[in-house]
Amino acid sequence: MWRYIRWSLLAGLLIGVWIVMRLPVAAEFYARRIYPAVSGVLSRISSPFPFSVGDCFIYGSIVGILAYLIYAFVKKRSWKKTVGRTVEYLLWVYVWFYLAWGLNYFREDFFTRTQLPYADYSEEDFRSFLSAYTDSLNASFTPVEKVDQAVIASEVKNGYQEIAGRFGLVSPVGYLHPKPMLLPSLMSGVGVLGYIGPFFIEYNLNPDLLPVQYPFTYAHEMAHVLGISSEAEANLYGFLVCSRSEVPEIRFSAWFALLPYVLGNAWQLLPEEDFKQWKETISPEVKKAYNDKVAYWQGLYSPTIGDMQDTLYNWFLKSNNIPSGRKNYSEVVALLMAVNTK
């Protein structure tokens, strides 16, 4: 009897999740009305722990499923029941993921939600943005040898309090704090700086982060916790929050973090000679900091597992309403131009 009740409940939740996925208005209602309550409960449960509860759940589930399959094989248990129970467990995890956070992938798009007009590409506008960005990047440069994590936490939370209503974010609460990854060496090997733990609404930062990367990465992952799934939007809000800070190290972290995305857009949109001329306008100090950062992460990167992770994450994003996949990170430039032209 209990089995039929359990499966009926699971089926109902699955149908509900799939319906919301196809209705942006419903997903927006979830993000604004339901997610704040759900995230509040889950983050309250996880926040007292100094380690990532979500990581323990994920890795524990993987080990548990493998152990269960081995046990069933050794004991010659019915494979029909074994597979059935495994599939049921994975479906419950699937439902938990989407109800806890994943439905944020299917909310209304940035321009609908913010009522900002979408502007087609204009070479003149892009060149104007490029010039203004480079001037600000160079002017913001400051050596970042170390950062005060408590100051960053305060600055980022205050910054999000100011913009949350405008962009449809959940307002941050005081008890939220970043956690170290359970397997940081593995994450460094695939180039992951941070990620949200969706099952318990945690945000995990890589201990290998360079000081100059810490403020922006902190703010980027905080955006995910506040209900944003788009990587471009998380980049945008991280930039807006950090670039407005009065702390020079936090401000430079914002402009510096955008540099690879601006480089990528400029390479694609400008003639080769113009691109080279623009690069010469970046100050030597910024270039050195950027090259040092690239060399640092290349020393930690593992091409084999890194390529696998890139492929899987690209597929994951595309299957969750982000058709551009990993290229979504670079779309922050278009969003920033839209915000600045309002």
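The values are calculated or read from the model by the stated rules, or taken from the named source; none is laboratory data. What you see is a predicted model; the values in this text were computed from it and never measured. Cβ sites come from the backbone with ideal geometry, for glycine too, and all protein chains shown count toward neighbours.
Summary of values
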{"item": "Any hit, the range 205-217, residues being surrounded by fewer than 18 Cβ atoms within 10 Å (Cβ to Cβ) and part of a helix (DSSP H, G or I)", "result": "no"}
{"item": "Cross-chain or 6+ apart pairs with Cβ under 6 Å, the range 299-313 first and under 19 Å from Pro323 (Cα atoms), then surrounded by 11 or more Cβ atoms within 10 Å (Cβ to Cβ) and of a type outside the set (A, V, I, L, M)", "result": "none"}
{"item": "Which listed residue, of Arg77, Arg107, is at pLDDT 90 or above and among the charged types (D, E, K, R)", "result": "Arg107"}
{"item": "Selection status of Ser229, of a type in the set (Gly, Ala, Ser), assigned to a loop (DSSP other than H, G, I, E, B) and within 23 Å of the chain's Cα centre (by Cα)", "result": "yes"}
{"item": "Count - residues of the range 221-232 that are closer than 15 Å to Val333 by Cα and crowded, with 24+ Cβ neighbours inside 10 Å", "result": "1"}
{"item": "Residue that is modelled with the lowest pLDDT, among those in the range 306-329 that are in a helix (DSSP H, G or I), of a type in the set (Ser, Thr, Tyr) and surrounded by 14 or more Cβ atoms within 10 Å (Cβ to Cβ)", "result": "Tyr329"}
{"item": "Residue satisfying all of: in the range 134-164; among the charged types (D, E, K, R) and under 22 Å from the mean Cα position of the chain (by Cα); nearest to Lys179 (Cα to Cα) among these", "result": "Lys157"}
{"item": "Single match in Val147, Val83 (criterion: at pLDDT 90 or above and under 30 Å from Ile250 (Cα atoms))", "result": "Val147"}
{"item": "Selection within the range 167-188 - surrounded by 13 or more Cβ atoms within 10 Å (Cβ to Cβ) and not in a loop (DSSP other than H, G, I, E, B)", "result": "Phe167, Lys179, Pro180, Pro184, Leu186, Met187, Ser188"}
{"item": "Residues that are surrounded by 11 or more Cβ atoms within 10 Å (Cβ to Cβ), within 25 Å of the chain's Cα centre (by Cα) and of a type in the set (Ser, Thr, Tyr), drawn from the range 118-133", "result": "Tyr133"}
{"item": "Residue list for the range 289-305, restricted to those being exposed (fewer than 12 other Cβ atoms within 10 Å of the Cβ) and under 15 Å from Ser185 (Cβ atoms)", "result": "Gly299, Thr304"}
{"item": "When residues of the range 97-113 are limited to those that are surrounded by fewer than 17 Cβ atoms within 10 Å (Cβ to Cβ) and out of contact with any Asp or Glu (no Cβ under 9 Å at 6 or more places or on another chain), the one farthest from Ala234 (Cα to Cα)", "result": "Phe97"}
{"item": "Some residue of the range 234-248 being in a helix (DSSP H, G or I), modelled with pLDDT of 95 or more, more than 20 Å from the chain's Cα centre (by Cα) and assigned by TED's automatic domain parsing to the domain that holds Val144", "result": "yes"}
{"item": "One residue from Ser122, Ser78 being hydroxyl-bearing (Ser, Thr, Tyr) and either in the same structural domain as Asn320 (by TED's automatic domain parsing) or closer than 25 Å to Val38 by Cβ (or both)", "result": "Ser122"}
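Residue-wise test of (1) closer than 24 Å to Ile250 by Cβ; (2) touching a residue at least 24 places away in the same chain (Cβ under 8 Å); (3) not charged (D, E, K, R).
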| site | (1), (2), (3) |
| --- | --- |
| Trp92 | no, yes, yes |
| Arg107 | no, yes, no |
| Tyr118 | no, yes, yes |
| Asp125 | no, yes, no |
| Phe141 | yes, yes, yes |
| Ala164 | yes, yes, yes |
